[in-house]
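A.B. asks: Right, I'll just put the structure down here and ask away after.
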Amino acid sequence: MSLKLNSDSQPFVKINEPKYKEIYSFSRDFDLTDLFLFTKGQPYEKFAELRNKAPVYFHKTGPEDSEPGFWVLTKYKDIEYVSKNQDIFSSQLAGGTSLTHGFEAMDDSPLYRSTMDHMLSLDGLLHLNMRNPHMAFFNPKYVSNLRKKVENKVDLLLDDIAPLGKCNFVETVSAELPLFTLCEMLGVPEADRPKIIEWMKLLEMAQLIAATQMAEKNNLTLNEEQNKGTPDPALIEMFTNMVEEMFSYGRHILEERRKSPKDDLLTVIANIEIDGEKLPNEYLDGSWLLIIFAGNDTTRNSISGTMNLLSNNPDQKKLVLNDRSLIPNMVHESIRVANPVTYMRRTTKTDTQIGDQKIGPNEKISLWYGAANRDPEVFENPDKYDITRENAKKHLSFGYGRHLCLGKHTANMQLEVVYEKIFERFPDMKQDGDIVYTPNNFVNAIQELPVSFAPKK
């Protein structure tokens with residue numbers, strides 16, 4: 001089975017209205033494509049409203065989008081069903097993971113194309129042939145050996161903040177640890193690693209920058225909050241330069257691994273073959289973007305989200321301080337409640353049905369993990385942060401089925417280590433100020449989280 005580029009191989013099909021009549025009558029006062037809806041975290045109340053009144057809901061979007069509508073799923077069972085039936089619900093068809101990517105390529109930039117040309121946007125054997133070579137770097141033995149390096153790194157990070165008594169937890173801990181872990185796995189030289197942190201900060205703003213540019217292009221009026229959050233031209237220029245630098249670096253280092261292989265994940269990615277041919281440059285770009293973003297950003301936000309939850313739930317923090325054996329389940333519950341990835345997307349291949357709702361071919365399906373993780377049919381008292389919850393592990397934050405996140409165990413391990421160390425050295429550490437989110441509806445993008453603690457020499 002040959003590998004074609006998703007970004008230029010899809011026919012144009014414009015879905016203005018769903019093929020079949022919507023069975024749920026629901027009038028919404030929110031827009032899930034509005035990034036500013038997510039500046040105080042995920043809109044769990046809106047998810048609950050949809051789950052109760054319209055669990056399979058067709059969400060129309062603005063005139064600037066190439067394909068205006070998509071189905072919204074908020075029930076656990078429906079998201080699980082779609083996730084495990086890739087013969088009906090494709091990850092590959094029509095525009096990858098984005099809500100507003102349609103069948104028509106709107107942009108020829110490397111960043112736009114790379115969001116479609118990667119492992120997450122492939123089905124069947126193509127997906128497995130891309131995925132399987134990575135497995136050696138995510139098995140229990142490798143993760144166990146990696147844990148020792150992670151423990152040493154966390155000690156160093158906490159040494160740095162010990163005398164301060166306060167810090168931006170995101171900048172000093174959450175951003176640093178997953179970067180270190182990922183770069184150790186990839187084999188990125190230590191001198192190059194600070195670049196990736198800067199790239200991550202700007203990549204989380206990609207949606208906002210794209211939305212700003214689209215609004216300007218279509219002469220759309222922004223409200224007061226949107227105007228306040230709009231990036232200035234200097235930042236947009238910085239972002240453009242960053243994208244060029246990031247992909248140039250990725251192509252360079254992957255090409256080096258083809259010439260001089262090493263025992264690292266970069267070598268694996270660089271030398272994957274489909275039907276005897278190495279990946280084209282577009283898939284190298286996509287693979288590079290996927291691994292540094294998915295492997296970094298999500299864990300960073302889970303570490304920060306856990307600190308926020310513990311600070312706002314002192315009873316739960318007291319429980320785990322008194323019984324450290326609760327840490328693994330605390331990690332599962334934290335990822336359930338503050339899930340780092342907000343949604344994923346599929347496209348229907350044929351006529352199908354979800355629950356009682358009939359859905360036509362070539363229609364977009366969005367899977368809202370934050371909604372599923374708070375489904376009362378699965379999780380009792382779902383809005384409560386309960387680190388003793390027996391089924392916390394059932395959360396869908398890492399996806400489900402064949403596209404289950406490769407880095408699941410690596411992410412869990414990092415959270416376990418960082419909180420084992422924090423509880424040991426700074427049991428009084430807590431949030432001390434407002435949490436700040438980057439406007440982003442794809443990831444739970446925590447930008448700032450001030451914390452305070454008793455300083456130590």
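We did not get these values from a lab; they are worked out from the coordinates using the rules stated. Predicted model, so just to flag it, every value in this text is computed and none were measured. Heads up, the Cβs are rebuilt from the backbone with ideal geometry, glycines too, and the neighbour counts pull from every protein chain shown.
A.B. asks: May I ask which residue of 329, 410, 433 lies farthest towards the positive end of the charge dipole of region 6-452, with charges of +1 (Lys, Arg) and -1 (Asp, Glu) on Cβ and the Cα centre as origin?
C.D. replies: Value computed over the given set: 329.
A.B. asks: Set the bar at 26 Å for Cα to Cα. Now go through 149/278; 141/384; 77/364; 40/456; 60/393 and name every pair that lies beyond it.
C.D. replies: From the list (149/278; 141/384; 77/364; 40/456; 60/393), the Cα-Cα distance tops 26 Å for 149/278; 141/384; 40/456; 60/393.
A.B. asks: Can you give me the relative contact order of region 274-368 as a percent, contacts being Cα pairs under 8 Å and 6 or more apart?
C.D. replies: Contact order relative to length: 20 percent.
A.B. asks: Under 14 Å from the 7 Å Cα→Cβ point of residue 85, by amide nitrogen: which residues of region 345-359?
C.D. replies: Hits in region 345-359 for residue 85 at 14 Å: 346-359.
A.B. asks: When only C-alpha pairs under 8 Å and at least 6 residues apart count, what is the relative contact order of the chain, in percent?
C.D. replies: 27 percent
A.B. asks: Something else: Viscosity 1.002 mPa s, temperature 20 °C: Stokes-Einstein D of region 291-393 from its Kirkwood Cα radius, in µm² per second?
C.D. replies: Diffusion coefficient, whole number: 137 µm²/s.
A.B. asks: About the Cα centre of region 6-452, how large is the charge dipole given +1 on each Lys and Arg Cβ and -1 on each Asp and Glu Cβ? Please answer in debye to the nearest 20.
C.D. replies: The calculated dipole for region 6-452 is roughly 1260 debye.
A.B. asks: Using modelled amide H (1.01 Å from N, peptide plane; none on Pro or chain starts), what sits under 5 Å from the amide H of residue 354, excluding residues fewer than 5 places away?
C.D. replies: Here the answer is 359, since their amide H atoms fall under 5 Å of that of residue 354.
A.B. asks: Taking K and R as +1 and D and E as -1, what net charge do the other residues with C-beta under 14 Å from the C-beta of residue 184 add up to?
C.D. replies: Counting the neighbours of residue 184, the net charge comes to 0.
A.B. asks: What order, most packed first, do the peptides 180-189, 328-337, 30-39 have when packing is the mean number of other Cβ atoms within 10 Å of each residue?
C.D. replies: Peptide ranking by packing, descending: 328-337, 180-189, 30-39.
A.B. asks: Mind checking which of 127, 320, 250 is farthest towards the positive end of region 6-452's charge dipole, using Cβ charges of +1 (Lys, Arg) and -1 (Asp, Glu) about the Cα centre?
C.D. replies: Checked the options; the winner is 320.
A.B. asks: Ok, one more. Please state the Cα pair-distance histogram of region 405-457 with 10 angstrom bins from zero: what percent is in each bin?
C.D. replies: 20, 34, 38, 8, 0
A.B. asks: Around residue 367, with a cut-off of 11 angstrom between Cβ atoms, what is the net charge of the other residues, counting Lys and Arg +1 and Asp and Glu -1?
C.D. replies: Spelling it out: positives minus negatives among the neighbours equals +2.
A.B. asks: Please compute, for the alpha-carbon atoms of region 6-452, the extent along each of the three principal axes and give them in descending order in Å.
C.D. replies: That gives 60, 55, 43 Å along the principal axes, largest extent first.
A.B. asks: Based on Cα coordinates alone, diagonalise the gyration tensor for region 109-183, multiply each eigenvalue by 5, take square roots, and list the semi-axes in whole Å, largest first.
C.D. replies: For region 109-183, the ellipsoid semi-axes come out as 34, 19, 7 Å.
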